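Written below as structure tokens is the structure these notes are about.
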Amino acid sequence: MANLAAQLAAVLQACIKRSGGPKPSRAHAKAAHARVLAAGLAADTFLLNRLVELYSLSGLPCHALRAFRALPRPNVYSHNAAISAACRAGDLAAARDLLGGMPERNAISWNTVIAAVARSGSPGDALGMYEGMLQEGLAPTHFTLASVLSACGAVAALDDGRRCHRLAVKVGLDGNQFVENALLGMYTKCGSVDDAVRLFDGMARPNEVAFTAMMGGLAQSGAVDDALRLFARMSRSGVRVDPVAVSSVLGACAQACSCEYSIVRAIRLGQCIHALVVRKGFGSDQHVGNSLMDMYAKCMEVDEAMKVFESLPSVSIVSWNILITGYGQVGLYAKAMGVLDLMQESGFEPNEVTYSNMLASCIKARDVPSARAMFEKISKPSVTTWNTLLSGYCQEELHQDTIELFRRMQHQNVQPDRTTLAVILSSCSRLGILELGKQLHSASVRLLLHNDMFVANGLVDMYSKCGQVGFAQTIFNRMTQRDVVCWNSMISGLTIHSLNEEAFNFFKQMRENEMFPTESSYASMINSCARLSSIPQGRQMHTQVLKDGYDQNVYVGSALIDMYAKCGNMDDARLSFDCMIAKNIVAWNEMIHGYAQNGFGEKAVELFEYMLTTKQKPDSVTFIAVLTGCSHAGLVDESIVFFNSMESNYGITPLVEHYTCLIDALGRAGHFVEVEAVIDKMPYKDDSIVWEVLLAACVVHHNAELGECAAKHLFRLDPKNPSPYVLLSNIYASLGRHGDASAVRALMSSRGVVKGRGYSWVHQKDGARAFMVADDLGTNVGQSTIFSESEDTSGIAEVHCDCDETCAG
């Protein structure tokens with residue numbers, strides 16, 4: 001019997017030793033088990049332990065556990081073999097139960113389970129089990145430390161990793177190469193590159209694993225030059241350069257192309273490594289090939305990436321995804337789509353990474369519908385994917401769609417990050433949706449993101465644009481760090497809400513804090529000058545613009561034209577316009593509109609006609625400006641020609657503003673038959689501005705019949721507006737119909753409509769003073785009283801009027 005047991009033990013051991021090569025045959029394992037049972041040796045612990053191990057190696061974990069449970073007297077080795085079988089099968093629950101049921105555990109038992117748990121993607125649980133092992137008084141082995149350090153790196157648990165390092169020193173394992181490499185990996189994954197460098201420099205003979213880990217850590221931290229120098233040192237020192245090391249250094253080259261580094265130099269280094277790949281025969285290695293493709297793609301050499309792709313003997317989904325990303329990064333959207341089609345024709349099904357890459361390509365090409373189509377193919381989009389699509393909608397000014405998409409993201413329980421909040425806050429700012437903005441503010445506090453500068457900037461911008469300047473300033477004051485975007489948001493919000501003095505104070509503080517203004521800062525401040533109609537302050541800003549070199553910026557230049565035009569200084573407006581080397585449509589529109597508003601209708605038309613001879617095409621706003629000029633200058637025929645050319649020549653559908661300008665031009669000239677014809681065919685009959693313009697023309701030409709019609713429409717559309725009552729009363733009074741005039745005044749009084757007071761202000765040496773006009777319906781005489789005083793502006797007196805239609809001057 002003893003001889004038979006020894007023979008069976010030898011057979012089982014021979015089968016187990018084959019595990020270094022091909023996997024043992026399941027049939028052989030079952031046959032060996034049958035012979036053990038036939039020999040009556042089912043209670044032999046040594047033989048059953050070998051059977052458990054053989055079944056495990058043969059890929060039959062259930063048979064291994066069944067054999068273990070059949071043991072009458074299992075020992076430590078039996079338990080360890082069963083635990084190993086459960087771990088190989090991925091049944092970690094069974095492995096933990098077996099570990100917990102062991103009467104006496106050793107380091108091997110713990111090591112097996114800790115390693116399996118760490119590999120399964122539960123590094124936190126692995127660290128917890130390690131603590132349990134230590135509490136039992138067991139000393140960790142190099143295998144234990146390697147698994148635990150891997151878990152520390154996976155969850156960036158630097159403090160736990162350092163404790164492991166100290167324990168390794170204590171038990172004398174710090175010089176073990178296996179442990180040293182694990183420590184290097186942990187430090188680099190935790191971002192503690194300084195610790196990694198000290199450890200690496202202290203290693204007696206670092207191998208290729210150590211060099212590769214160190215290169216990867218340096219590249220990830222942005223120390224690309226150091227990573228590349230380390231690869232050169234690795235080559236010189238005689239350490240074997242394997243495909244993994246080559247892939248790591250190619251990753252450093254790719255990183256170099258993505259950061260502040262000479263792309264030409266990065267490409268040259270990548271080409272040298274490519275030559276090394278060919279020389280060492282790594283060209284057929286798929287991982288190396290993918291790394292080469294990634295390097296070329298990130299260095300914007302997508303054609304070279306395609307050559308590598310075509311040279312690979314076999315490609316994977318990763319290879320296709322790299323190509324798609326590469327073409328998307330350089331803006332070759334059509335080629336990216338072509339690669340996607342070719343990929344599917346080759347039998348590869350796109351995965352979520354494929355669709356995410358295509359989504360990013362579509363957004364870069366500003367093709368939001370196609371991006372949405374790609375997005376819908378992703379079963380569980382990550383927060384990064386959501387952010388990409390949200391940003392695309394926001395950039396295209398589709399803010400309502402952006403918010404609806406965010407609502408859907410919330411319903412799918414995807415937690416927003418700093419990018420999500422900033423994008424949605426931007427949409428709230430543009431749409432003026434204060435309530436949602438407040439909800440996002442609460443969410444940012446809950447997620448501990450309210451102090452993030454990116455999010456805080458969005459909050460400041462949202463509150464200031466929604467008129468809650470006090471809230472915006474509170475957040476601004478609490479910020480520990482502020483960039484120029486934050487200052488610009490505050491200044492812009494103050495300017496929009498006509499808090500011009502506060503805007504100037506913020507601009508001054510911005511300069512005092514050594515924050516240099518940008519084109520956005522100057523555009524906002526110049527708009528403040530325009531709102532104040534303050535030429536002296538506007539000229540000061542213009543001087544600073546010239547000093548800081550923003551005079552050729554189209555946004556600042558357009559703001560200067562607008563400011564000078566609103567201040568009535570058309571000579572300086574034209575000078576600013578002529579000095580602009582590159583003019584966009586906004587600059588042309590501001591100049592034409594400035595001429596129109598200041599009574600230079602002929603010049604507005606002349607500039608418009610000159611613009612048509614250039615490459616600049618007019619837009620909807622251009623036609624509003626030139627039609628306004630025609631109206632103010634009495635150019636009726638020209639206004640009709642320009643209006644008719646909009647749709648026929650430029651494909652621009654006239655809006656209510658265009659109809660209003662045309663009706664104003666015809667009405668001022670007394671062409672009321674034509675006015676009625678225009679009104680009959682226009683689609684905007686319920687717009688109050690159209691009827692106000694017509695009523696004003698009827699006042700000038702004493703047309704009571706059409707004036708009554710216009711006034712009735714206004715009574716219906718805007719019942720609390722006093723203008724139609726005043727204007728209709730004036731028409732009746734001018735025609736001697738004083739009874740009708742009194743009836744209109746009585747109607748106005750009975751409906752509780754109150755006419756607002758007009759006011760004027762004058763700039764003097766001691767400041768700006770405003771004058772309120774007393775209410776006296778139907779007359780142009782009023783009692784003026786000073787009601788406010790503001791900041792000193794200049795020594796030149798300037799008078800401005802902001803009265804209603806009843807004011808004579």
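The values are calculated or read from the model by the stated rules, or taken from the named source; none is laboratory data. Values in this document were obtained by computation on a predicted structure and should not be read as measured data. Positions of Cβ are generated from backbone atoms using ideal geometry, with glycine treated the same way; all protein chains shown enter the neighbour counts. Heads up: the accessible areas ignore ligands, DNA and RNA and are worked out on the full protein's heavy atoms, side chains in. Shrake-Rupley method; radii C 1.70, N 1.55, O 1.52, S 1.80 Å.
Of note:
- Couplings for segment 395-408, taken from phi via the Karplus curve 6.51 cos²θ - 1.76 cosθ + 1.60 with θ = phi - 60°, read 5, 8, 6, 8, 6, 5, 5, 4, 5, 5, 5, 5, 4, 5 Hz in order; Gly and Pro are left as x.
- For segment 270-322, the relative contact order comes to 35 percent (Cα pairs under 8 Å, sequence separation of at least 6).
- Per atom type, the chain shows carbon and sulfur on 52% of its accessible surface, probed at 1.4 Å.
- By the rule of a C-alpha distance below 17 Å, with chain neighbours fewer than 8 residues away ignored, the aspartates and glutamates paired with Lys307 are Asp285, Asp294.
- For Kirkwood radius over Cα pairs in Å, computed directly from the structure shown, the correct entry in [x] 34.4; [y] 33.4; [z] 27.8 is [x].
- Selected from Leu54, Asn181, Leu250, residue furthest toward positive end of dipole (the chain; charges at beta carbon): Leu54
- Among 448-454, 658-664, 299-305, 102-108, the order from most to least packed when residues are scored by Cβ within 10 Å on average: 658-664, 299-305, 448-454, 102-108
- The residue among Met214, His142, Val330 whose Cα reaches farthest toward the positive pole of the charge dipole of the chain, with charges on the beta-carbon of Lys, Arg, Asp and Glu, is His142.
- Relative contact order (percent, whole number), the chain, Cα cutoff 8 Å, 6+ residue spacing: 3
- Nearest 10 degrees, 0 to 90: helix 620-633 Cα axis against the chain principal axis: 10
- Segment 270-343: C-alpha gyration tensor shape, a/c 1.5 cut-off, then a/b vs b/c: oblate
- Cα centroid separation, segment 185-230 to segment 103-150 (Å): 25
- Cα-centred dipole magnitude for the chain, charges only on beta-carbon of K, R (+1) and D, E (-1), debye, nearest 20: 4760
- Within straight-line cross-link reach of Lys508, aspartates and glutamates at Cα separation under 13 Å, skipping those fewer than 8 residues along the same chain: none
- Members of Lys335/Lys364; Lys465/Lys547; Lys685/Lys712 lying beyond 19 Å, as alpha-carbon distances in this model show: Lys465/Lys547
- Its DSSP H runs of at least 4 residues, each contributing -39,500 (n - 2.57), put the calculated 222 nm mean residue ellipticity of the chain at -22000 deg cm²/dmol, to the nearest 500.
- For segment 425-494, the pair-distance distribution built from all alpha carbon pairs, in bins 10 Å wide starting at 0, is 24, 61, 15 percent.
- Solvent-accessible surface of segment 338-384, averaged per residue with a 1.4 angstrom probe and all protein chains in place: 53 square angstrom.
- Protection-proxy order for peptides 562-572, 499-509, 405-415, 671-681, each taking the mean of Cβ atoms within 10 Å per residue, highest first: 562-572, 499-509, 671-681, 405-415
- About the centre of its Cα atoms, segment 416-521 shows a dipole size close to 220 debye [charges on the beta carbon of Lys, Arg (+1) and Asp, Glu (-1) only; nearest 20 debye].
- Whole-number accessible area per residue in Å² for segment 224-332, which is evaluated in the context of all protein chains at 1.4 Å: 45
- Ranked by the mean number of other Cβ atoms within 10 Å of their residues, highest first, the peptides 519-530, 171-182, 545-556 fall in the order 519-530, 171-182, 545-556.
- Distance from the Cα centroid of segment 628-668 to that of segment 415-486 is 42 Å (rounded to whole angstrom).
- Prolate/oblate/rounded label for segment 115-239 (Cα gyration tensor, a/c 1.5): prolate
- Within the straight-line cut-off of under 16 Å between alpha carbons, the aspartates and glutamates reachable from Lys380 are Glu352, sequence neighbours fewer than 8 places apart in one chain being disregarded.
- Furthest towards positive pole of dipole, Val197, Ser645, Gly670, structure part the chain, Cβ charges: Val197
- In the chain, the longest principal axis of the Cα atoms and the axis of helix 286-298 are about 20 degrees apart.
- Cβ-derived FRET efficiency at R0 41 Å, Val76 paired with Asp483, nearest 0.05: 0.05
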